[in-house]
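Worksheet: one structure, shown below.
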Amino acid sequence: MKATIIQKLLTPLLACLLLAAPVHATEGVAQVQSLRGIDVQAADPETVVFKLVVDREPVKRNYEKQPPVIPHEVENYKITQSFNKCLECHSWTDAEEGGPTKVSRTHFKDSSSTDDSNLSKRRYFCVLCHVPQTDAKPLVENSFKPAKVRK
Ligand code: HEC
Ligand code: HEC
């Protein structure tokens, strides 16, 4: 008997809550503005495909210790567990004399070991730090000035 009274009281209350929830949800959506500035319901704008810059001279670094940017195309240069295309030209063992710059000596150092005869695991995925360049225009102006390099 008690259970039925509770049920009778709770059922309309639950119904009210369930009905009220969607109303709030729709109100929320109307106020949401995506970070891209377009309406969340609108179709995505067409994707712009940027062209990789053609091979050129190495690019001057902007500050000390900057990972130099890649001055050549890297399309189809695969880096997998067993193969690293970049090392074909940039490793110390395979690089030709007077050829492409060898990977930095710093890339052999590993904070967790003293063995510096192998490339550090942390440096294996070159494109984590070295980025190829495209013809994309800068999105914002940049007035960055590097600190004076120590002599
Ligand atoms: C076919 C040979 C070849 C391959 C493969 C290659 N590179 Fe290069 N790379 C060059 C040459 C040539 C240069 C220009 C001369 C130089 O500075 O070493 C260069 C320059 C660079 C530089 C600029 C060095 C500096 O001091 O400014 C970086 C960084 C670089 N490559 C990274 C990469 C990465 C990362 C990959 C793999 C995704 C790669 N390269 C694959 C030949 C190659
Ligand atoms: C964790 C970031 C990181 C990764 C990963 C990395 N590099 Fe670098 N690289 C740097 C930085 C920073 C420098 C500049 C300072 C220095 O020499 O350590 C540099 C310098 C270089 C240089 C210029 C060396 C010189 O003598 O001027 C070459 C070439 C290069 N890296 C190639 C590579 C290649 C090829 C790989 C992949 C096998 C790689 N790097 C992976 C950060 C990275």
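Nothing in this text is a laboratory measurement; each read-out follows from the coordinates by a stated rule. The model shown is predicted, which means the values in this text are computed figures rather than measured ones. Here Cβ is always computed from backbone atoms with ideal geometry, including for glycine, and neighbour counts include all displayed protein chains.
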Item to complete: Give the calculated FRET efficiency between E75 and K148 to the nearest 0.05, with a Förster radius of 25 Å applied to their Cβ-Cβ distance.
Response: 0.10
Practice prompt. Would you pull out the residues with amide H under 5 Å of I70's amide H, same chain only if 5 or more places away, H placed 1.01 Å from N?
Written response: V131, Q133
Worksheet item: From the backbone phi of region 131-137, what are the Karplus-calculated ³J(HN,Hα) couplings (6.51 cos²θ - 1.76 cosθ + 1.60, θ = phi - 60°) in whole Hz, Gly and Pro given as x?
Response: 10, x, 9, 10, 8, 5, 7
Worksheet item: Quick one: L119, L35, fewest Cβ neighbours within 10 Å first, how do they rank?
Response: L35, L119
Practice prompt. Using the Karplus curve 6.51 cos²θ - 1.76 cosθ + 1.60 with θ = phi - 60°, work out ³J(HN,Hα) for each residue of region 69-84 in order, rounded to whole Hz, and write x for Gly and Pro.
Written response: 6, 7, x, 9, 5, 10, 4, 6, 8, 7, 10, 10, 4, 10, 9, 9
Response to the item:
Here the gain from full extension of R36 to K121, 0.36 nm per residue of separation minus their alpha-carbon distance, amounts to 27.0 nm
Worksheet item: For region 36-151, what does the alpha-carbon gyration tensor say about shape, rounded, prolate or oblate, given a ≥ b ≥ c as the root eigenvalues, a/c under 1.5 as rounded, and a/b over b/c as prolate?
Response: prolate
Worksheet item: If packing is taken as the mean number of other Cβ atoms within 10 Å per residue, what is the order of 80-90, 58-68, 137-147, highest first?
Response: 80-90, 58-68, 137-147
